[in-house]
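Some notes on the structure that comes next.
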């Protein structure tokens, strides 16, 4: 892997050799059982790596097992309907991951006979596949001597080598990837990269690292200097913007609910929700709900508070404030449907909207108890 204009991190070959053997020995004893570790199938390894981005292992395992049971091959994933795909992803969040998986599967069917390529460059040419995912597939599935640097590896290497580079910078990723590649023992890329990630995830944790259990404790520069808490160096994120959304839960006289499909390509694209509108600064939730009803051409009884659901996005701290409008009537269409309460479960929902869906099945008093506060009410 050639890195132009790269300032490499110094690494003595003897030190690199001294780190490889104890890490591999530790991993052989302490690695956690995971279904994707029981196979060398590149497809399953790819699915697991995408699911594990921003998501804990314990959460991913049941999703992974259901997903590969329904979509066992690249071809079956490529042919899936978008709604069924998103339903199988519902609850994992970051839904662009699922859409990119299917887009990549279609490329693989059309240009690679339905199989994942071995070459790093070809893998990175697939939709949604960046340097980490490509490195993980190439190394774990094909034992290619390429790095796979995730957040756990950033933390681990920054402590072992006391590296003060800001890990949010792209240039830092290149330096860490170069270092991680030079650490890989010959012929052991698959096991070594998994071991690196496992050590970071289970021992070299962000706040309470278990240094006594670490196979690299004697070679860790941060531990020797008693500076573990200083690494990794990471620029602070701006505080998330606070925003409120009005949500109209319109229920017809025969017990059906109005739901809409979010546009493809945007945030939470392709998922279903109750009609929702972001409130302008100073706008009351009541005016937002009325505005939604008017825009949809709905008539109903006066809407009443149902539930408020807080939700944290990457850059926004949101509250979804839902009002129930009984006796509603109005138009529907391809992306706007009236469905029964039982049919609501057939659609894929964002997490916050799924909680609102759950609230409508509860007694009114219980739903109101779930509401922490209602602005403008």
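The values are calculated or read from the model by the stated rules, or taken from the named source; none is laboratory data. A quick note: this is a predicted structure, and the numbers were derived from the prediction, not measured. Note: ideal-geometry Cβ built from the backbone for every residue, glycine included; neighbour counts use all protein chains shown.
Values as computed for the structure displayed
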{"quantity": "Some residue of the stretch 112-121 being touching a residue at least 24 places away in the same chain (Cβ under 8 Å), touching a helix residue (DSSP H, G or I) at 6+ places or on another chain (Cβ under 6 Å) and closer than 30 Å to residue 210 by Cα", "calculated": "no"}
{"quantity": "Number of the condition not met by residue 26 [criteria: (1) touching a residue at least 40 places away in the same chain (Cβ under 8 Å); (2) under 18 Å from the mean Cα position of the chain (by Cα); (3) farther than 26 Å from residue 171 by Cβ]", "calculated": "(2)"}
{"quantity": "Test: residue in the stretch 158-177 that is in contact with a helix residue (DSSP H, G or I) (Cβ under 7 Å, 6 or more places away or on another chain), surrounded by fewer than 14 Cβ atoms within 10 Å (Cβ to Cβ) and within 25 Å of residue 34 (Cα to Cα)", "calculated": "no"}
{"quantity": "Any hit, the stretch 48-57, residues being more than 21 Å from residue 198 (Cα to Cα), assigned by TED's automatic domain parsing to the domain that holds residue 150 and assigned to a helix (DSSP H, G or I)", "calculated": "no"}
{"quantity": "Residues located in the stretch 238-261, provided they are in a loop (DSSP other than H, G, I, E, B) and farther than 20 Å from residue 317 by Cβ", "calculated": "252, 253, 254, 255"}
{"quantity": "Qualifying residue in the stretch 220-234 (condition: part of a helix (DSSP H, G or I), under 23 Å from residue 55 (Cα atoms) and touching a helix residue (DSSP H, G or I) at 6+ places or on another chain (Cβ under 8 Å))", "calculated": "no"}
{"quantity": "Those helices (runs of 4 or more DSSP H) lying entirely in the stretch 89-158 with at least 2 residues closer than 15 Å to residue 51 by Cβ and within 18 Å of the chain's Cα centre (by Cα)", "calculated": "96-111, 131-136"}
{"quantity": "Hey, residue 45 closer than 23 Å to residue 151 by Cβ and in contact (Cβ under 8 Å) with a residue 40 or more places away in the chain or not", "calculated": "yes"}
{"quantity": "Filter result for residue 179 (farther than 21 Å from residue 40 by Cβ, assigned to a loop (DSSP other than H, G, I, E, B), touching a residue at least 12 places away in the same chain (Cβ under 8 Å) and more than 23 Å from the chain's Cα centre (by Cα))", "calculated": "no"}
{"quantity": "Members of the stretch 5-14 found to be loosely packed, with under 14 Cβ neighbours inside 10 Å and farther than 10 Å from residue 178 by Cα, listed by number", "calculated": "5, 10, 12, 13, 14"}
{"quantity": "Unmet criterion (only one of (1) assigned to a helix (DSSP H, G or I); (2) in contact with a helix residue (DSSP H, G or I) (Cβ under 9 Å, 6 or more places away or on another chain)) for residue 72", "calculated": "(1)"}
{"quantity": "Test result for residue 201, farther than 26 Å from residue 330 by Cα, in the same structural domain as residue 153 (by TED's automatic domain parsing) and surrounded by 17 or more Cβ atoms within 10 Å (Cβ to Cβ)", "calculated": "yes"}
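Residue-by-condition table, conditions (1) more than 24 Å from residue 346 (Cα to Cα); (2) in the same structural domain as residue 324 (by TED's automatic domain parsing); (3) not in a helix (DSSP H, G or I):
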residue: 236; (1), (2), (3): yes, no, yes
residue: 268; (1), (2), (3): no, yes, yes
residue: 289; (1), (2), (3): yes, yes, no
residue: 301; (1), (2), (3): yes, yes, yes
